[in-house]
Amino acid sequence: MLSDLPIFQVYSAMARHAAESQRVSATNISRAGEPGYKAQKVESFEEYMTRAKDSGSTSVQTLPFRTFEASGPESPNGNSVNIEHEVFSSAQAMGQHNMALTVYTKSLDLMRTALGKGR
């Protein structure tokens, strides 16, 4: 099937990465007032793809994303969430998601056209 082509797998993984980044940012924001909470962050998409390549995985769909504690200053109550940073990260993830879906959709349209199926 067309979805088995590497370009579709990569951009599908990019959309999933963006969704995971959004989820982590939302969790961080929701716990911003919790004493002692340490902000989390998702590995970069580039790190994820390198790890997928190095693991010999046949599909980037099966490898989970790694999350880890984000570095940064802590408030007096021990919380390390920076709301401004989380909002910025969330906006970046939205842009990454939109780009991934646009490329995925346009590539699918191109393949359908090449096969004579049109839209």
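The residues in region 26-51 that are in contact (Cβ under 8 Å) with a residue 40 or more places away in the chain, assigned to a helix (DSSP H, G or I) and aromatic (Phe, Trp, Tyr) can be counted, and the count is 1. On the stretch given as region 62-119, residues that are under 24 Å from PHE8 (Cα atoms) and in a loop (DSSP other than H, G, I, E, B) total 10. The lone criterion from (1) buried (at least 17 other Cβ atoms within 10 Å of the Cβ); (2) touching a strand residue (DSSP E or B) at 6+ places or on another chain (Cβ under 8 Å) left unmet by PHE68 is number (1). Could you tell me whether TYR11 is surrounded by 13 or more Cβ atoms within 10 Å (Cβ to Cβ), aromatic (Phe, Trp, Tyr), modelled with pLDDT under 95 and at negative phi? So TYR11 fits the description; yes. What's the number of the condition SER107 fails, among (1) surrounded by 11 or more Cβ atoms within 10 Å (Cβ to Cβ); (2) within 16 Å of PRO6 (Cβ to Cβ); (3) out of contact with any helix residue (DSSP H, G or I) (no Cβ under 8 Å at 6 or more places or on another chain)? Evaluating SER107 over (1) surrounded by 11 or more Cβ atoms within 10 Å (Cβ to Cβ); (2) within 16 Å of PRO6 (Cβ to Cβ); (3) out of contact with any helix residue (DSSP H, G or I) (no Cβ under 8 Å at 6 or more places or on another chain) leaves (3) as the failure. The number of residues in region 71-104 being surrounded by 15 or more Cβ atoms within 10 Å (Cβ to Cβ) and among the β-branched types (Val, Ile, Thr) comes to 2. All of (1) assigned to a helix (DSSP H, G or I); (2) more than 16 Å from the chain's Cα centre (by Cα); (3) closer than 18 Å to SER80 by Cβ hold for ASP54 with one exception: (3).
Evaluate the following for ARG23: is it free of Cβ contacts under 8 Å to residues at least 24 places away in the same chain and either under 10 Å from the mean Cα position of the chain (by Cα) or within 26 Å of MET111 (Cα to Cα) (or both)? In short, yes. Within region 73-91, residues that are within 10 Å of ALA39 (Cα to Cα) have Cβ atoms under 8 Å from residues that are of a type in the set (S, T, N, Q) and not in a helix (DSSP H, G or I) in these pairs: GLU74/SER80, counting only partners at least 6 apart in sequence or on another chain. Condition check: surrounded by 15 or more Cβ atoms within 10 Å (Cβ to Cβ), within 10 Å of the chain's Cα centre (by Cα), at pLDDT 95 or above and of a type outside the set (D, E, K, R). Does ALA18 satisfy that? Answer is yes for this residue.
The values are calculated or read from the model by the stated rules, or taken from the named source; none is laboratory data. Because the structure is predicted, anything quoted here is derived from the model rather than measured. Note that we place each Cβ from the backbone using ideal geometry, even for glycine, and neighbour counts take in every protein chain shown.
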